Amino acid sequence: MEERKFTISVYSENHLGLLNRISGIFLKRHINIESLTVSESEIEDVSRFIIVVRTSEEYVKKIVGQIEKQVEVIKAYFHTNDETIYRESALFKIASDLLFDERQIQNIIKESNAEIVTVARDFFVLSKSGRRSEIQGLYDKLKPFGIMQFVRSGRISVSKEAMNISELLKY
Amino acid sequence: MSTERITGAEAVIKCLLEEGADLIYGYPGGAIMPIYDELYKYQDKLQHVLTRHEQGATHSAQGFARATGKVGVAMATSGPGATNLITGIADAQIDSTPMVCITGQVARHLLGSDAFQETDIVGISTPVTKWNYQITSADEIPEVMAKAFYIARSGRPGPVLIDITKNAQMEELDFSYEKCKGVRSYKPVPKIEPAKVQAAADVINAAKKPMIVFGQGIILGEAEAELKAFIEKADIPSAWTIMGLSALETKHPLNVGMVGMHGNYGPNLLTNECDVLIALGMRFDDRVTGNLATYAKQAKVVHFEIDPAEIDKNVKTDVAVLGNVKDTLAQILPLINKNDHAVWREEFKKKDAIEFDKVIKEDLHPTKEGMTMAEVLEQINVASNDDAVIVSDVGQHQMFACRYAKFSQTKSNITSGGLGTMGFALPAAIGAKMGVPNREVVAIIGDGGYQMTIQELGTIFQTKVPVKIVVLNNEFLGMVRQWQQLFFDKRYASTEMINPDFITIAKGYHIPANRVTKREDLAGAVQEMMDSKEAYFLEVCIEKENNVFPMIPTGASVSDMRLS
């Protein structure tokens, strides 16, 4: 069975312990979570999980079934990359002197559509959001100059199809 | 609604009474003492059974739930009390048993401080509970308790654990109670799609060689009458999983026996010859299917199921009918043609004859000197008029119990099916007998499993609950020994048991006891046990190296069932 990247999207009650319960579903089946983001959703008091995994379609269906079965989960979906609009965000902390000494860095920043968040005496912070490959591209270009700190967020995504969560909450 | 000012501990008791839980099992300790103090005050309304170990409390609650269909309740203190519940909770989870477990917890201000007897029981129990919750303030108690019972019993039932910090037990709240009517994120019973019911009826009506495998869903959904009406109208041979046993009486002409590893020869082999396989409230466990790659590939599969996550989980379904099987069977009945599958039914009879000749005859009427487990079960059938509640433990004796015990009514077979928990039967029998006191409850236990929860003899002695305990003693962990014999060249690694004198132990608990070593004494001894009005212990010394057959070796196809 062919393995692909899937984005699992979970709408749930915002309750303590649910993250543990959901991550346990992956643990039990020995599936590695590539990234996980939890935030508020468009509905008050409803959380949204975005979980990225690499697995087969047959397996992701079963996982979504197990997630949806949890009492505090309202609805779970899975999508392929083509079915979603998705981004990641990254922060780069770089020594300030490079910004002034290495003209090339200024060009890299300009071309990358990255944003300078702050400039301090010793360091400046770049923020870049986009697809994984774009962030990786910027990372590769900056790496030779020295990166003091780097961090990338998990994927956030919205689906192209409608999600009628408010409908599901009427009972 | 009127409220009253009471403590959290008293509120817990009132919630239990509101939910009809007037019989609970547990073990006290520091962090749950305020609740036990209230149990003392409410002892005329709510009976608390002191088990001898918290695991026993969970199994007793499970036995009670399985025999009655009600929610079982177990209670323990924090730390080790709570962790000792885990085996029973995991057992209830995999066997879909409605149970609410209440644990005490250190006071809220101590959480996370590694306080005495603190353990993260919510974290620990998460993978094996249907739902769990930690209450840290008294005013949460009524709503959370109502939700706990609702979730435990609704839809596909399961265990719920509620952890209550000590401060929440001691604080006061304005108490009023309202039963839970729903949880917005939780849809316990899927809506029935009439088109699916029709599609299932079309497939079933067109079948020439249909076969049913029903599971515990029939019992949990109380769909026994609907099952019978359905199979009789469509004339479909019906096999059961270990968890479905007793939903259809043994002597029903369409009852063709057990599927699975040690099930009957006919239903296993014919699973791979039927043209339509109808699964009713069952989940295609690996012990049922054997090798999935060769399981029922020729058949169209129709799956009636309450839990959408079970559809296509193990076996690909052609038609899935979601809903409570009681309702879906009622809806399909008028769409089903009256049918006669006499020729097909004959196939089961032919296979039965082979199994009788190769296995059952020697099991029931041994030519060897040593006694067989099947003989003992047969004597229990005779002495109970096929109407006992049989509570079995795990191993060879369990398979013999399920193969040979006869049943006249539902909710009569109580065993640890999914988790395979040795030590289950003795405490589960206590709960079952307390749940259905007018029925005869017989625990069938191996010498290994018996010693895992043997301390519950103390509970039996103290409560005087008249359970009948049969230990089938072959001085081996028999099932493991059988596998060692068949698959590990008879290397009997750590399976031989040098046992204590079980009669002396029973007598130490003042339980009448008898040991049978000779066949001629068996019938009389079983009769004497059944005639006893109080608890009774019977040890039967069994042939040491008897095996359970037929058998589908792990990973083999249901077609390759071995008769010897």
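Details
- Residues in region B:530-557 that are at pLDDT 95 or above and among the small types (Gly, Ala, Ser): B:Ser532, B:Ala535, B:Ala556, B:Ser557.
- Which numbered condition B:Ile164 fails, given (1) outside the structural domain of B:Arg287 (by TED's automatic domain parsing); (2) surrounded by fewer than 24 Cβ atoms within 10 Å (Cβ to Cβ): (2)
- Residue within region B:71-83 that is in a loop (DSSP other than H, G, I, E, B) and farther than 19 Å from B:Val128 by Cα present: no
- Failed criterion for A:Thr118 (all others in (1) within 14 Å of another protein chain (Cβ to nearest Cβ); (2) part of a strand (DSSP E or B); (3) surrounded by fewer than 16 Cβ atoms within 10 Å (Cβ to Cβ) hold): (1)
- For A:Lys93, the criteria (1) touching a strand residue (DSSP E or B) at 6+ places or on another chain (Cβ under 7 Å); (2) within 14 Å of another protein chain (Cβ to nearest Cβ) hold in every case but one, which is (2).
- Taking every residue in region A:69-94 that is assigned by TED's automatic domain parsing to the domain that holds A:Ile109 and without any contact (Cβ under 8 Å) to a residue 60 or more places away in the chain and pairing it with any residue that is crowded, with 20+ Cβ neighbours inside 10 Å and assigned to a strand (DSSP E or B), at least 6 positions away or on another chain, the pairs with Cβ-Cβ distances below 9 Å are A:Phe92/A:Phe124; A:Phe92/A:Leu126; A:Phe92/A:Lys128; A:Lys93/A:Phe124; A:Lys93/A:Leu126; A:Ile94/A:Phe124; A:Ile94/A:Leu126.
- Considering residues of region A:11-32 that are surrounded by fewer than 16 Cβ atoms within 10 Å (Cβ to Cβ) and of a type in the set (A, V, I, L, M) only, the residue farthest from the other protein chains (Cβ to nearest Cβ): A:Leu19
- Checked against (1) closer than 23 Å to A:Leu169 by Cα; (2) within 13 Å of chain B (Cβ to nearest Cβ); (3) modelled with pLDDT of 95 or more; (4) within 20 Å of the chain's Cα centre (by Cα), A:Ile43 meets all criteria but (3).
- Subset of region B:131-148 [touching a helix residue (DSSP H, G or I) at 6+ places or on another chain (Cβ under 6 Å) and over 19 Å from B:Glu172 (Cβ atoms)]: B:Trp131, B:Asn132, B:Tyr133, B:Gln134
- Residue identified as crowded, with 24+ Cβ neighbours inside 10 Å, assigned to a helix (DSSP H, G or I), at pLDDT 95 or above and of a type in the set (Asp, Glu) among B:Asp91, B:Asp37: B:Asp91
- Listed by first and then second residue, the pairs linking a residue in region B:471-484 that is on the phi > 0 side of the Ramachandran plot to a residue that is outside any strand (DSSP E or B) and surrounded by fewer than 23 Cβ atoms within 10 Å (Cβ to Cβ), with Cβ atoms under 7 Å apart and 6 or more places separating them unless they lie on different chains, are B:Glu475/B:Met497; B:Glu475/B:Asn499; B:Glu475/B:Lys544.
- In region A:46-77, residue surrounded by the most Cβ atoms within 10 Å (Cβ to Cβ) [restricted to those that are among the hydrophobic types (A, V, I, L, M, F, W, C) and more than 14 Å from chain B (Cβ to nearest Cβ)]: A:Ile51
- Residue in region B:237-249 that is surrounded by fewer than 24 Cβ atoms within 10 Å (Cβ to Cβ), in the same structural domain as B:Asp318 (by TED's automatic domain parsing) and either touching a Phe, Trp or Tyr at 6+ places or on another chain (Cβ under 8 Å) or of a type outside the set (D, E, K, R) (or both) present: yes
- Residue count for region B:439-489 under the criterion of being under 12 Å from B:Tyr536 (Cβ atoms), of a type in the set (A, V, I, L, M, F, W, C) and in contact with a strand residue (DSSP E or B) (Cβ under 6 Å, 6 or more places away or on another chain): the result is 7.
- Hits in region B:287-342 (condition: of a type outside the set (A, V, I, L, M, F, W, C) and within 14 Å of another protein chain (Cβ to nearest Cβ)): B:His303, B:Glu305, B:Asp307, B:Pro308, B:Glu310, B:Asp312, B:Lys313, B:Asn314, B:Lys316, B:Thr317
- Whenever a residue of region B:490-518 is under 13 Å from B:Glu534 (Cβ atoms), its partners that are assigned to a loop (DSSP other than H, G, I, E, B), lying with C-beta atoms within less than 7 angstrom and at least six residues away or across chains, give the pairs B:Ile511/B:Ala535; B:Pro512/B:Ser532; B:Pro512/B:Glu534.
- Wholly enclosed helices (runs of 4 or more DSSP H) of region B:315-370 bearing at least 3 residues farther than 24 Å from B:Glu226 by Cα: B:342-355, B:361-364
- For region B:443-452, the condition holds for no residue, the condition being that it is in contact (Cβ under 8 Å) with a residue 40 or more places away in the chain, within 21 Å of B:Ile503 (Cα to Cα), in contact with a Lys or Arg (Cβ under 7 Å, 6 or more places away or on another chain) and charged (D, E, K, R).
- Of all the listed residues (B:Lys208, B:Lys181, B:Lys191), the sole one being more than 13 Å from chain A (Cβ to nearest Cβ), in a loop (DSSP other than H, G, I, E, B) and surrounded by fewer than 18 Cβ atoms within 10 Å (Cβ to Cβ) is B:Lys208.
- Given (1) without any contact (Cβ under 8 Å) to a residue 40 or more places away in the chain; (2) within 13 Å of another protein chain (Cβ to nearest Cβ); (3) among the acidic types (Asp, Glu), index of the condition B:Asp163 fails: (1)
- Screening the candidates B:Ile390, B:Ile354 for the property of being touching a residue at least 24 places away in the same chain (Cβ under 8 Å), more than 17 Å from B:Val516 (Cα to Cα) and either crowded, with 21+ Cβ neighbours inside 10 Å or touching a Gly at 6+ places or on another chain (Cβ under 6 Å) (or both) yields one hit, B:Ile390.
Conditions (1) among the β-branched types (Val, Ile, Thr); (2) under 19 Å from B:Asp386 (Cα atoms), marked per residue:
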{"site": "B:Thr415", "(1), (2)": "yes, yes"}
{"site": "B:Thr421", "(1), (2)": "yes, no"}
{"site": "B:Phe424", "(1), (2)": "no, no"}
{"site": "B:Ala429", "(1), (2)": "no, yes"}
{"site": "B:Val436", "(1), (2)": "yes, yes"}
{"site": "B:Val441", "(1), (2)": "yes, yes"}
{"site": "B:Ile454", "(1), (2)": "yes, no"}
{"site": "B:Gln462", "(1), (2)": "no, no"}
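- Residue within region A:131-145 that is assigned to a strand (DSSP E or B), of a type in the set (D, E, K, R) and either loosely packed, with under 15 Cβ neighbours inside 10 Å or more than 14 Å from every other protein chain (Cβ to nearest Cβ) (or both) present: no
- From the list B:Glu54, B:Glu10, B:Glu19, B:Glu38, the lone residue that is under 17 Å from B:Gly88 (Cβ atoms) and among the acidic types (Asp, Glu) is B:Glu54.
The values are calculated or read from the model by the stated rules, or taken from the named source; none is laboratory data. All values derive from a computational prediction rather than experimental measurement. As a convention, Cβ positions derive from the backbone with ideal geometry for all residues, glycine included, and neighbour counts pool all protein chains shown.
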